[in-house]
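Please read the structure below before turning to the comments.
Each value in this text was obtained by applying a stated rule to the coordinates, not by laboratory testing. Please read all numbers here as calculations on a predicted model, not as lab measurements. So basically every Cβ, Gly included, is an ideal-geometry build from the backbone, and we count neighbours across all protein chains shown.
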Amino acid sequence: MTPLFKDRICAVVAAPTAREMQAQLRRALKLTRTVELRLDWLRSDLERFSIAAWLREQQLKATLIATCRRAEAGGRFPGRGRKAIVMELAFLASLAKFGCKWCDLEGETLKAPPWLIRGVFGKWPATAKSRPHIILSWHVFQGTPLGLQRLIAVSKALAHAGKIATQCNSYRDALRVLTLCKGRHDVIAVPMGEIGLPARVLALAHGSALAYAAVGEKTAPGQLTLDEMKNLYRADRLGRHTKVYGVIGNPVSHSLSPLLHNTGFIARKLNAVYLPFLVKDLRDFLGAIKPLNIAGFSVTLPWKERILRHLDDCDPLAAKIGAVNTVVVRHKGKLYGCNTDYVGVLRALERRVRLRGSRVLLYGAGGVARAVAFALAQGGAIVCVCSRRSEQARQLARAVGGEAVERRRLGREFFDAIVNCTPVGMHPHPGRSPLRADELNCRLVFDTVYRPMRTRLLQLAERRGIETVSGMEMFIAQGVAQWEIWTESRAPEAKMRKAVLGALRKEPM
């Protein structure tokens, strides 16, 4: 089937003024030749007339889609009722006359009298020879309802293409939206929301006519930037045989794992992509493994321990630790778990601290702490564990032959190193520290949180003249180990490290 659009990543240009919209359009055309102009984002009718006049002079060699979405369909075009529809159609028609080959009409527009639509666009329903081409859009922001095939049938009868955009509250929802594209070339599938984000990237691989990405401000939940869609995830180069990897967690939007792993895939020219999967229901995600061709995934909070009960096999060390951060999807969908946090800890610490005989305090007793504890014990360190959950701290200490330490003792005791194994200090609370300055009685502080690179905890340690180690060291080491397990090849570690460090250094400390 011949695709409707040569460039299937559609840049969304949305700005309050015609001048800003022009600047965004120029930026967009450096990466794609398909661009949607969101007229409803312009702050006045004068700005809408201005962009139409500018387009008339430009005669751009690009496929432009004019959209003027009203408030009830998630847009910003003012007014309600017939008058608003008349104005919407008038602006769309003016841009169609001056350079927009396509117009996007929302499904609610069908409530207008047929003669009104015909008066603007000519013959309706649309025919192959009519101009402009019509996309008939349906937006549902509350969830993903049943009956989506019926909406596609309506679009097929009335327009050149149908667009379904729904809020995906589960991966089951996202898969239902992607299924709409199967065997079609005239359906645009847009899974919305953070859970829908991976399916949004994979939509083109599943047959969607377009995938949307923002140039400026994002116009829909879960929308990615044009640079992310084009250069990080390479959505227009993915296909049915692309191996999909990702990180599962809650939260997960802060993760730099997609940057780390995709940099490696790009450097080695592998047909693979790594995506962030927000997982609220583990079984829901596991049900998407086969349909999305997932070949492996990283595991972060809160699933590192709970994933164990869903594995078919597990590395003995990971089983002993009781936490898994890496899963390989083997033949017939069998899940194999292992733990590379262990590797990350040793690489981050052993060059700075002589582990054998050192007394190291872990603050926290969850999945990360278990990997750290076993790594340190294996290296010969004396492991001490402190946690708000005292019983969990005692259990972990017993498992590695260490000692549980109550927090009230921290101000009086000295350690060779202190390791933060909690998420305190990371997104969405980067200004917090799990420990006070007067509790940092040690030679070295290691924070497993890597974003921000200089956490509040590390700042407190530095002020006391204590050596610090960023969680970035552990993050890169464990990620490189994952990459090599999945691909069974040597990772381009230098390039992966450079990409992550570059991103972290751009962030405020």
What does DSSP give for the chain in terms of the percent of beta bridges that are antiparallel, rounded to the nearest 5? 10 percent
Give the order of Lys334, Lys506, Lys230 when sorted by the count of other beta carbons within 10 angstrom, beginning with the fewest. Lys506, Lys334, Lys230
Most exposed first by the Cβ proxy, i.e. fewest other Cβ within 10 Å, how do Asp7, Asp236 rank? Asp236, Asp7
Angle, helix 257-267 long axis vs. longest principal axis of the chain, Cα atoms, 0 to 90°, nearest 10? 80 degrees
Calculate the dipole size of the range 46-103 relative to its Cα centre from +1 charges on Lys and Arg beta carbons and -1 charges on Asp and Glu beta carbons; express the result in debye to the nearest 20. 140 debye
Where does the chain land on the Kirkwood hydrodynamic radius, alpha-carbon pairs, in angstrom? 25.0 Å
Could you work out the relative contact order of the range 1-82? I mean the mean sequence separation of Cα pairs under 8 Å and 6+ apart, divided by the number of residues, in percent. 29 percent
Rounded to the nearest 500, what is the 222 nm mean residue ellipticity of the chain from helices alone, with -39500 (n - 2.57) per DSSP H run of 4+ residues and division by all residues? -10000 deg cm²/dmol
Could you give the size of the charge dipole of the chain about its Cα centre, using +1 on the Cβ of each K and R and -1 on the Cβ of each D and E, expressed in debye and rounded to the nearest 20? 820 debye
Local charge sum around Val500 (other residues, Cβ-Cβ under 13 Å, Lys/Arg +1, Asp/Glu -1)? +3
Would you calculate the separation in nanometres between label points at Ala267 and Arg490, each defined as 7 Å from the Cα along the Cα-to-beta-carbon direction? 1.2 nm
Round to the nearest 10 and give me the degree value, 0 to 90, for the angle of helix 367-378's Cα axis relative to the longest principal axis of the chain. 40 degrees
Taking the Cα atoms of the range 9-240 alone, what are Rg (to one decimal) and Dmax (as a whole number) in Å? 16.5, 47
Any chance you could run the full-extension gain for Lys506 through Glu108? It's 0.36 nm times the residue separation minus the Cα-Cα distance, nm to one decimal. 139.0 nm
Just want the ordering: Glu488, Glu507, Glu467, from fewest to most Cβ atoms lying within 10 Å of their own Cβ. Glu488, Glu507, Glu467
Tell me whether the range 352-474 comes out rounded, prolate or oblate; compute the Cα gyration tensor, take square roots of the eigenvalues as a ≥ b ≥ c, and use a/c under 1.5 as the rounded threshold. rounded
Taking only C-alpha pairs under 8 Å that are 6+ residues apart, what is the relative contact order of the chain in percent? 9 percent
With contacts defined as alpha carbon pairs under 8 Å and 6 or more residues apart, what's the relative contact order of the range 352-474 in percent? 21 percent
